[in-house]
1. Give the number of residues within the range 60-87 that are within 14 Å of the chain's Cα centre (by Cα) and not in a helix (DSSP H, G or I).
2. Run down L44, L40 and say which single residue is closer than 29 Å to Y248 by Cβ and touching a Ser or Thr at 6+ places or on another chain (Cβ under 7 Å).
3. Which one of these does L142 not meet: (1) of a type outside the set (S, T, Y); (2) buried (at least 20 other Cβ atoms within 10 Å of the Cβ); (3) over 24 Å from the mean Cα position of the chain (by Cα)?
4. Mind listing whichever residues of the range 102-116 are part of a helix (DSSP H, G or I) and of a type outside the set (D, E)?
5. Please work out which one of (1) closer than 18 Å to V168 by Cβ; (2) touching a Cys at 6+ places or on another chain (Cβ under 9 Å) is the condition V280 fails and give its number.
6. Being at pLDDT below 95 and surrounded by fewer than 21 Cβ atoms within 10 Å (Cβ to Cβ): is that true of S203 here?
7. Here are some conditions: (1) over 12 Å from A5 (Cα atoms); (2) touching a residue at least 40 places away in the same chain (Cβ under 8 Å); (3) outside any helix (DSSP H, G or I); (4) not β-branched (V, I, T). F272 meets all but one. Which one does it not meet?
8. Check the range 217-232 and report whether any residue there is modelled with pLDDT of 95 or more, assigned by TED's automatic domain parsing to the domain that holds A112, among the polar types (S, T, N, Q) and in a helix (DSSP H, G or I).
Amino acid sequence: MGKIAILFPGQGSQQVGMGKELAEAYEASQAVYTEADTVLGESLSSLIFTGDDEELKRTENTQPALLTTSIAIWNLLKEKDVAADYAAGHSLGEYSALVAGGAMTFADACVAVRKRGRWMEEAVPKGQGTMAAVLGMEREALVAVTQEATAQAGIVEPANFNCPGQIVISGTAEGVAAASALAKEKGAKRVIPLSVSGPFHSSLMKPAAEKMKQHLAEVPVAAPKIPVIANVTAAEVSEPAEVKQLLYQQIYSPVLWEDSVQKLVDLGVDLFIEAGPGKVLSGLVKKISRRAVVLPIYDKETLEKAIATVKGE
């Protein structure tokens, strides 16, 4: 077996009840939820385990909830002596990767992503911005489509380069509508509007990014002990100042997920562990590298399978 990368999902993977089975079975997992409740001064764990789905979908709740669940799973892997050679996270998941890598404390990250979620929601009035997934279109062709649509109707930009044939666009409602129609005209197989509260990873998020930059200036950040692949560059980030700069840029820049996974493959990674609810990233990895072994962990059964696979049992 080659190298192992630990991956952490972003917004969209959340679901009520995530992590509950593991928290009830393992103290190392429950401790993370307890810490989140203490740090935020509210029962985030109750919302995650038994709360209202719509309340969990609010960005300011989704972000700390996903971070907490991902790190609760990571804690279990550490307890079982499963180590990672690299870490990466999709959008919000990059904070989980930095916590796993030792660059940020969980408490600092929890406070940061609560603020990040709130500021991202506030950056653009509800209904004025949106996102859509474009399937079956080449990267260069879609970039040209977004540029044409921006000139015609309003800002729209590539937001997530997820895998070959799956790119998410983001911008004003008018811009995304125009780009969606134009993409279909120019050969996209499908365009799927996304149920999101704002135009994430577009230049419309710059007000949120500026607030995040000010907050991060006060947050202690160390050099990661596990190399982290950053969303903005699809390259290793090692210097604390660079970590902060890229987290600032990440809010309004596209997530280079396909490039990030390909970078990990090029670095010798052949086993990817997704720590968090669902299998979104696992599916993307398989579309980027068919030979990769992918192990999502979200309950006791998947945890035990992953540990047995890593240890060759």
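1. Matching residues across the range 60-87 total 1.
2. After ruling out the rest, the residue left standing is L44.
3. Condition (3) is where L142 drops out.
4. F106, A107, A109, C110, V111, A112, V113, R114, K115, R116
5. Among (1) closer than 18 Å to V168 by Cβ; (2) touching a Cys at 6+ places or on another chain (Cβ under 9 Å), the lone unmet condition for V280 is (2).
6. It is false that S203 is at pLDDT below 95 and surrounded by fewer than 21 Cβ atoms within 10 Å (Cβ to Cβ).
7. Of the numbered conditions (1) over 12 Å from A5 (Cα atoms); (2) touching a residue at least 40 places away in the same chain (Cβ under 8 Å); (3) outside any helix (DSSP H, G or I); (4) not β-branched (V, I, T), the odd one out for F272 is (1).
8. no
The values are calculated or read from the model by the stated rules, or taken from the named source; none is laboratory data. Model, not experiment: these values are computed from the prediction. For neighbour counting, all protein chains shown are included, and Cβ atoms are generated from backbone atoms with ideal geometry for every residue, glycine included.
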